[in-house]
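For reference, the structure is listed below as structure tokens.
The values are calculated or read from the model by the stated rules, or taken from the named source; none is laboratory data. All figures in this text were calculated on a predicted structure; none of them were measured in a lab. Every residue, glycine as well, gets a Cβ built from its backbone with ideal geometry; the counts of neighbours run over all protein chains shown. Protein only, heavy atoms only, side chains kept; ligands, DNA and RNA dropped before computing areas. Shrake-Rupley method; radii C 1.70, N 1.55, O 1.52, S 1.80 Å.
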Amino acid sequence: MAKKALITGITGQDGSYLAEYLLDLGYDVYGMVRRSSTENLERIDHIKNDIEFVQADLLDQASLDKALDISQPDEIYNLAAQSFVPTSWSQPVLTGQFTGLGVTRILESLRQVCPEAKFYQASSSEMFGKVREVPQTEMTPFHPRSPYAVAKTYGHHITVNNRESFGLFAVSGILFNHESPRRGREFVTRKITDGVARIKLGLSKELALGTLDAERDWGFAGDYVKAMHLMLQQDEPDDFVVATGTTHSVRQFLEVAFGHVGLNYEDYVTQDPRFMRPAEVDQLIGDNSKAKRILGWEPKVSFEQLVTMMVDSDLELLG
Ligand code: NDP
Ligand code: GDR
């Protein structure tokens, strides 16, 4: 019989790649969606007929119980969250409810409805924040720098705590930034590649950004969802850092993205205080050696390939 997976956040970037991957592996895929006045299935439009949708919200315990009861999953991937860091300062309570307490709610439902199900929590490199060591490993202490990161740190600990308290197969993947042509347009990578395409096509004249000095360990989302799946195929539940092990600044991203279409970013990019953050995460770089050793995982798409893939995709979309 086919394995059953429930993906929360299936309408998001990672949800779409994970759903594709699990369908290819022969899974029955259930996707949790929240009610919306207009359909927002763009990222999964091409596979939506292969997915069983269940309606639930991270804020509503009974709806989660029901989603788990309907799907009776072997594996749960908890990808749903308020995931945009700046919004977490303007909506800190909501972010805590979705991104933090939402994890406890799903785990409570899991314990009631399907305690044998394996559980994946989408944790984040943002938990390292003001980093205590370079590169960051599974053992590096956390120092979150935004309400989002604080909520993710809670989600991480409650996952580990459920594993230790109740013997659940519950794991936390500490994923560093991962991007794709399906990335939301407010995140810096997609904002840049969308901006480059607009400027190249004469639809826009400039691109306003915040700091250009922040450095991130950027990988490709399509590679990273495979690590999520691998974590749930292990004999023992454990937590893993998933990263490329290389870091680049926003400025370097700009150089490659504008360079790819024969332009110089300095002619178009302005800095706008509106996009500066109250507290910044200056540099992230992950040590992926545990994931390589135990999961046999490694990233396939390089930084340059990622940037050019995103620029080409935005050129095609807008052209
Ligand atoms: P997205 O922002 O693209 O997707 C978030 C998803 O969560 C959407 O499907 C959204 O649904 C859903 N969601 C939000 N609030 C609720 C709610 N109250 N109830 C039910 N569903 C809800 O995120 P990504 O795909 O980029 O990331 C997936 C997860 O991984 C997130 O938890 C993120 O914080 C985490 N993460 C991401 C990294 C990255 O670089 N992408 C790195 C590390 C961690 P809707 O479409 O209805 O808004
Ligand atoms: P991040 O991603 O906060 O790392 O969180 P984002 O792309 O928003 O920012 C990365 C860096 O770029 C700087 N920056 C800008 N960012 C945005 N969004 N817009 C701008 O105009 C801009 N200018 C400069 C930021 O200050 C920051 O330093 C992402 C999310 O996917 C989280 O959910 C996830 O947990 C982490 O990655 C890992």
So GLU126, is it open to solvent by 10 Å² or more (accessible area, probe 1.4 Å), more than 16 Å from ALA80 (Cβ to Cβ) and either of a type in the set (A, V, I, L, M) or not in a loop (DSSP other than H, G, I, E, B) (or both): yes
Residues (within 16 Å of ligand 1 (Cβ to nearest atom), farther than 20 Å from VAL196 by Cα and in contact (Cβ under 8 Å) with a residue 60 or more places away in the chain) located in region 288-319: ALA291, TRP297, PRO299, VAL301
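Yes or no: SER83 open to solvent by 30 Å² or more (accessible area, probe 1.4 Å) and within 11 Å of ligand 2 (Cβ to nearest atom)?
yes
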Exclusive hit being in contact with a Gly (Cβ under 8 Å, 6 or more places away or on another chain), more than 10 Å from ligand 2 (Cβ to nearest atom) and open to solvent by 10 Å² or more (accessible area, probe 1.4 Å), set PRO181, PRO147: PRO147
Checklist (1) in contact with a Ser or Thr (Cβ under 8 Å, 6 or more places away or on another chain); (2) among the aliphatic types (A, V, I, L, M); (3) in a helix (DSSP H, G or I) applied to MET32, failing item: (3)
Qualifying residue in region 196-211 (condition: touching a Ser or Thr at 6+ places or on another chain (Cβ under 8 Å), under 17 Å from ASN264 (Cα atoms), within 8 Å of ligand 2 (Cβ to nearest atom) and not in a strand (DSSP E or B)): no
Any chance GLU298 is away from ligand 2 (no atom under 13 Å from the Cβ), assigned to a helix (DSSP H, G or I) and among the acidic types (Asp, Glu): no
Filter result (open to solvent by 20 Å² or more (accessible area, probe 1.4 Å) and of a type outside the set (A, V, I, L, M)) within region 240-264: THR244, GLY245, THR246, THR247, HIS248, ARG251, GLN252, GLU255, GLY259, HIS260, GLY262, ASN264
Qualifying residue in region 148-168 (condition: outside the structural domain of SER88 (by TED's automatic domain parsing), outside any helix (DSSP H, G or I) and free of Cβ contacts under 8 Å to residues at least 12 places away in the same chain): no
